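Written below as structure tokens is the structure these notes are about.
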Amino acid sequence: MSTSPAPATARARREPPRSLADDLRAREDDELVALLRARGDLAVPVPTDLGSLAVRATTRASVQRALDLLDAPALQVVEAMAVLPEPVTTAAVGRAWGADARAQVARLRELALVWGTPRALRLVRVAREVLGPFPAGLGPPLEQVLERRSPARMSALAATLGLGEVGDPVRALALVTGALSDPAGLAELLQEAPAGAREVLDRLTWGPPVGEHRAAGPATAAPGTTAGTTAGTTADPGPASADEGPVAWLLRHGVLAAPEAGRVVLPREVGLALRGGRTHAVPATREPEVGGLPVRPGTADHSAAGSATEAVRLVGEMLGVAGRTTLTARRTGGLGVRELHRVAVALGVDDGVGALVLQTAHAAGLLDTDAEESPSWVPTLAADTWAEEPVEVRWAGLALAWLEGDTVASLVGTRDRGGTVRGALSDEVRRPSSAALRRDVLTELAQAPEDRAPRLEEVLARLDHRSPRRASPGRDDLVARLLDEAAWVGLTGQGVLAGPARALLDGDAPGAARLLGALLPEPVDHLLLQADLTAVAPGPLVPSLAAEVDLAAEVESRGAATVYRFTPESVRRALDAGRTADELLAVLEEASPNGVPQPLAYLVRDVARRHGMVRVGAASSFLRSEDPAALAELLVDRRLATLGLRRLAPTVLAAQADGPVVLDALRRVGLAPAAEATDGTLLVQARTARRAAARRRRPVAVTAPRPPSDDELAEAVGRWRLAESGPRPGSVELPYLDPRVSLEVLRDAVSARRPVWVGYVDETGRTTRRLLDPLTLAGGRLTAVEAGRTGPRTFSVHRVTGVAVVPEVEG
């Protein structure tokens, strides 16, 4: 389909545009594609023609999204244009802003927020509504604040300002506006003002332009956007009085206006004159610099690697806790405070870190609720696969899940406006805006020098410069929390973005894992066993050895080397899991260069000798032992009275409690019982590991449509050009053609690949005019691409009322 501009479009490029639609018609095709790419909401779905594009570009929602994307310089230029009379020149905008505005105006024109020529620029009307009543901190125009004055009062105001007697209120308003807009004339007028008038104006000049005034004192600018005036003042002040105060004098001379009793406002023209014609005190032409704290090169990456390793370890241990114990989910969702504290104690961390561990695991799909009637939080099936991966791969999955997540773990434990404590793993800690904010924060860290750690206030200042309309105290608090979380995850070290995090930010998760792997020490396959029943791992252990040591020993300390301690309880845990004394000692012998110390061998064999001396069955339940004296001691032990023990035989006792309860009770009194199967053999009690069948992701109400590609956008622009070149509805009627003639015209168009205008009767019986690019014609059906739509469509030839070939357009 030809995309040559029509004569009407060529004329539009030579004539000044009368509207945004005219301006869009005069743009080059690549400029229209750039507009659709920069403002994605305009391209989904693709508009049918340029007029529809202009309408969509001026809707309030679309303009608000476009303004939210502007940086501080561009937004200040928008504010300057919002207060200047239209049309305005680029030079005038620069003078009002205080800097060269050509680059910003070009950007705003590219976004279709500004249209016209450099000598006659106009801001789209709805932008003023989105900016609010006080753009750049300037008040409403004089025409708006003085319109309530009577003709007599307007004439009196003109006379007060020395402009003579003016009977026409419209002319009086023009004269007053001109006098109060002149900086020199206003300065001369204020020389006659009473004491305190200058102080009132100084407080209102740079905004907010509204203030409160009490009868006993001068007007004061209230916090935020509050406004005020002299008590009893009306919108139509009367003549001067003997004890006239500064606010009354300013009102009588039109320097201030009173839109209602108790409020004063500084009119826009007066504010600009007091500012010397400038809309902003300091134009935001330079990005805030990052001073930061010095960091020795290389140390940040290693610090981040240590945090990453710790995060992986804690998530792994938490999944083990969740698999062995019951973490009951609240009826309202999430995890209760007590359950969170139990997890934190098991991990040896505070509740805040415990919440971060849970939230990160949940975001990575490793933790979810099961399908039970009373749901609990358990590891998912993916957790087993994750645990077998190398540390760096496990970290990349966690870090990517945090980066793309929308929950803020540090909000757990805080209270909402109603005083309710926000729970872990609940919707109460979801912040949809945090997903984009995470990338913005890390991007700012990535742009800082690698030997400097930006301070929080510097990061906030750069974010404010990047998107000032999104700045708020709530966002500042969220940024501080996200920086803390990023450090815990291992994305930053000593306040500097780590190398693996830079790769992750670029979308290269495998590359991030490789970079982290290069920073981690190689896993070791040996232990240093010592006679004091401790073992030292000089580095991270290989997974197989780590699993055995974690089963048979307790972690005593962590650092560059991990210290384990063997205890009767830890050895019994390994025996309960099915290990024999010989198997356990063989593992330790192979891992220790110096063999197994004698005290450790004695401990293992002593615990193994006593292990299973008393066995618990499932007959609700029973205890069996080859030593009748041992059972006799249990019968008289008051600590076991709740078990309801009674003798069935010299070597057998019955209990009223279940087998697991009996096992726990006997262990609490210092015994080492073992479970027995129904056939009398030793029952191996492997640690239970409950799993969620599948992670149930949050349903998405609306799926974001796929944005069109550049080729699709270029194709749509081409159709718009053809639509602009052809007959418009209501102008030139397509002649009715005999169906046989229509078929011949369509065949010729298909053969020559020429676009055609077609009169077509739709399903409602209404005849519409459509611009088609015909592809094939067969079986009474025409396959063609319709202007303004993507993809081919099928049309019934019997519904065609007329056909006209689009004429070729010269250059």
Item checked: Karplus 3J(HN,Hα) series, Hz, for the stretch 647-660 with 6.51 cos²θ - 1.76 cosθ + 1.60 (x for Gly, Pro) -> 7, 9, 7, x, 10, 9, 10, 9, 10, 7, 9, 5, x, x
Check: At VAL170 and ASP582, where each label point lies 7 Å from the Cα along Cα→Cβ, what is the point-to-point distance in nanometres?
Finding: 11.3 nm
Next item on the list: Kindly put VAL717, VAL290 in sequence by how many other C-beta atoms sit within 10 Å of each C-beta, fewest to most.
Entry: VAL290, VAL717
Margin query: Whole-Hz ³J(HN,Hα) for each residue in the stretch 457-464, computed from phi via Karplus 6.51 cos²θ - 1.76 cosθ + 1.60 with θ = phi - 60°, x for glycine and proline: what do you get?
Written below: 5, 6, 5, 5, 5, 5, 5, 4
Notebook entry, point to check: Which of these values of Rg and Dmax of the Cα atoms in Å was calculated from the structure shown: (1) 30.4, 106; (2) 39.2, 125; (3) 41.3, 148?
Noted result: (2)
Item checked: the chain - charge dipole about Cα centre, Lys and Arg +1 at Cβ, Asp and Glu -1, debye rounded to 20 -> 1860 debye
Check: Can you give the angle from 0 to 90° between the axis of helix 598-610 and the longest principal axis of the chain, with both taken from C-alpha atoms, to the nearest 10?
Finding: 80 degrees
Next item on the list: Under 9 Å from the Cβ of ALA43, count the other residues' Cβ atoms, weight Lys and Arg +1, Asp and Glu -1, and hand me the total.
Entry: 0
Checklist line | Debye, to nearest 20: dipole size of the stretch 454-504, +1 on Lys, Arg Cβ, -1 on Asp, Glu Cβ | finding: 260 debye
Next item on the list: Please give the residues of the stretch 51-86, grouped as numeric ranges, whose backbone N is less than 16 Å from a label point set 7 Å along the Cα-to-Cβ vector of GLN144.
Entry: 79-86
Check: Using modelled backbone amide H atoms (1.01 Å from N, in-plane), which distant-in-sequence or interchain residues come within less than 5 Å of LEU775's amide H?
Finding: THR783, ALA784, VAL785
Notebook entry, point to check: Which residue, chosen from VAL265, ALA101, LEU663, occupies the Cα position most advanced towards the positive end of the dipole of the chain, where the dipole is computed from +1 (Lys, Arg) and -1 (Asp, Glu) charges on Cβ about the Cα centre?
Noted result: VAL265
Margin query: Please give me, ordered by residue number, the GluC sites (Glu not before Pro) of the stretch 338-420 that lie in loop per DSSP and have at most 14 other Cβ atoms within 10 Å.
Written below: GLU372, GLU373, GLU388
Next item on the list: Describe numerically, in nm with one decimal, the distance between label points set 7 Å from Cα along Cα→Cβ at THR325 and at ALA641.
Entry: 3.0 nm
Notebook entry, point to check: Among 134-140, 80-86, what's the highest-first ranking by average C-beta atoms within 10 angstrom per residue?
Noted result: 134-140, 80-86
Margin query: About the Cα centre, and with charges only on the beta carbon of Lys, Arg (+1) and Asp, Glu (-1), how big is the dipole of the stretch 528-592? Nearest 20 debye, please.
Written below: 180 debye
Next item on the list: Report the net charge of residues surrounding PRO500, where surrounding means a beta-carbon distance below 12 angstrom and charges are Lys +1, Arg +1, Asp -1, Glu -1.
Entry: -2
Next item on the list: Take every Cα pair under 8 Å in the chain that's 6+ residues apart, average their separations, divide by the length, and report that relative contact order as a whole percent.
Entry: 12 percent
Checklist line | Hz values of 3J(HN,Hα) by residue in the stretch 661-673 - Karplus curve (6.51, -1.76, 1.60), Gly and Pro given as x | finding: 5, 5, 4, 5, 5, 5, 5, 5, 9, x, 8, 10, x
Item checked: Degrees, to the nearest 10: 473-489 long Cα axis against longest axis of the chain -> 40 degrees
Notebook entry, point to check: Listing ASP384, ASP582 from the residue with the fewest other Cβ atoms within 10 Å to the one with the most, what is the order?
Noted result: ASP582, ASP384
Item checked: Long-range amide H partners of ARG148 with built H, under 5 Å -> none
Next item on the list: Find how much the distance from LEU69 to GLU556 grows on full extension, using 0.36 nm per residue of separation minus their present alpha carbon separation; answer in nm with one decimal.
Entry: 170.1 nm
Notebook entry, point to check: Where does the charge balance sit around VAL587 when Lys and Arg score +1, Asp and Glu -1, over other residues with C-beta under 9 Å from its C-beta?
Noted result: -3
Note to self: With an 8 Å Cα cut-off and a minimum separation of 6 or more residues, compute the relative contact order for the stretch 615-675 in percent.
What the structure shows: 40 percent
Margin query: Using amide H atoms built in the peptide plane, which far-off residues or other-chain residues are under 5 Å from THR492 H to H?
Written below: ALA487, ALA498
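We did not get these values from a lab; they are worked out from the coordinates using the rules stated. Source: prediction; values computed, not measured. Cβ coordinates were reconstructed from backbone atoms using ideal geometry, including for glycine residues, and neighbour counts include every protein chain displayed.
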